[in-house]
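The values are calculated or read from the model by the stated rules, or taken from the named source; none is laboratory data. All values reported here derive from a predicted model rather than from experimental measurement. Here the Cβ positions follow ideal geometry from the backbone for every residue, glycine too, while neighbour counts run over all protein chains shown.
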C-alpha cells in the first residue's frame, strides 16, 4: 500500500531540486532516472500494489498513484500532471506511457498538454482511478481490498498481474503465448486443488500459495 503522510498523497517534485538540475545536465538526467526507476518498480513488483490516495496527487505524485495496480482516493482529491505549466515536458515518470492507456489519448492529451487538473470524482468517471470514497471510509475500503488480495492465490495473482502489465505492449500472439505459460503453471499449483474443493464444498478457499 502506497499512501501519503500528510494532507496530500504527494504534491510532486521539489522545486529547489528542479532549479539545481537546470544548471547541471548530469544531475538532471540522474534525477529523472531515479523517478523513472520508481515507476518501473511499481509496475514490475510481483504482487498487486494499492494507492491509498488520501489527498491531492500532483505531478510525480500523480504518476506514482497511476503506477499502482489499484487506486482508491478520497472525495475531493485532485489529480494533475501540470509539468508543462512550469516548462517541464509532460512526458515524465511514466505519464506519457500509462495515462493514455488508462483514459485514452484524447483525455491524456488535455491533461498533459494543458496541465489540466481533475477531481477524484471525474477521475473515476473516465477510468483513471477505481473508486473515490468519503475520507472516513478510506481505511475500510483499502483494508477490505488488501485483505481480499492477501487471501487470494499468490501464484495466480502474480501471473495475472504480469500478464496485465505485459498486455499493454504485446500483440495477440504474444499475449496468448504468455497465457499458455501462465495457466499451465497455475493449474499445477496446490491453490487450484484448494479452490476447486472449496467451490464444491460451498466454502471460502484457504489459499496457501507460493
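Of the numbered criteria (1) modelled with pLDDT of 80 or more; (2) surrounded by 14 or more Cβ atoms within 10 Å (Cβ to Cβ); (3) out of contact with any strand residue (DSSP E or B) (no Cβ under 9 Å at 6 or more places or on another chain), the one residue 105 fails is (2).
When the test is whether a residue is at pLDDT below 95 and either within 23 Å of residue 48 (Cα to Cα) or not in a helix (DSSP H, G or I) (or both), residue 194 passes it. Within the range 121-143, restricting attention to residues that are in a loop (DSSP other than H, G, I, E, B) and without any contact (Cβ under 8 Å) to a residue 40 or more places away in the chain, which residue is surrounded by the fewest Cβ atoms within 10 Å (Cβ to Cβ)? Per the criteria, the residue is 127. Restricting attention to the range 145-169, the residues that are touching a helix residue (DSSP H, G or I) at 6+ places or on another chain (Cβ under 7 Å), surrounded by 14 or more Cβ atoms within 10 Å (Cβ to Cβ) and outside any helix (DSSP H, G or I) total 1.
For residue 117, the conditions (1) touching a strand residue (DSSP E or B) at 6+ places or on another chain (Cβ under 6 Å); (2) farther than 18 Å from residue 49 by Cα; (3) at pLDDT 95 or above all hold with the exception of (3).
Matching residues to (1) within 30 Å of residue 159 (Cβ to Cβ); (2) modelled with pLDDT of 95 or more:
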position: 14; (1), (2): no, no
position: 27; (1), (2): no, no
position: 41; (1), (2): yes, no
position: 74; (1), (2): no, yes
position: 92; (1), (2): no, no
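Being modelled with pLDDT of 85 or more and farther than 29 Å from residue 141 by Cβ is not true of residue 50. Filtering the range 30-70 to residues that are in a loop (DSSP other than H, G, I, E, B) and either more than 14 Å from the chain's Cα centre (by Cα) or not assigned by TED's automatic domain parsing to the domain that holds residue 124 (or both) leaves 54, 55, 56, 59.
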